[in-house]
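Read-outs: derived from the displayed coordinates by stated rules, not from any lab. Treat the numbers as computed from the prediction; the structure is a model and nothing was measured. Here the Cβ positions follow ideal geometry from the backbone for every residue, glycine too, while neighbour counts run over all protein chains shown.
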Amino acid sequence: MCILSGCDYLENITGIGLVKAKKVMSRTQISNIDLILKQLPQNLGKLNLRVTDDYITGFKRAHLA
């Protein structure tokens, strides 16, 4: 949730703060972060939102930090 809303190691996705990050993370039963991030546009109802492969890679790096 914290990484998704933005952290020192990764910029947040525009329009996603703590509230929306919590909403996404608390609603999912999926543990695969790739799937969670790829389904983010549908889960937030923002179909114009793009989650790039670079963002997913950066997310994983931030998580390791």
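Observations on the structure shown:
- The helices (runs of 4 or more DSSP H) falling completely within the chain that include 1 or more residues that are out of contact with any Ser or Thr (no Cβ under 9 Å at 6 or more places or on another chain) and of a type in the set (Phe, Trp, Tyr) map to 53-64.
- The residues in segment 21-50 that are under 21 Å from residue 7 (Cα atoms), out of contact with any helix residue (DSSP H, G or I) (no Cβ under 9 Å at 6 or more places or on another chain) and small (Gly, Ala, Ser) can be counted, and the count is 2.
- Residues within segment 10-29 that are exposed (fewer than 11 other Cβ atoms within 10 Å of the Cβ) and of a type in the set (Val, Ile, Thr), tallied: 2
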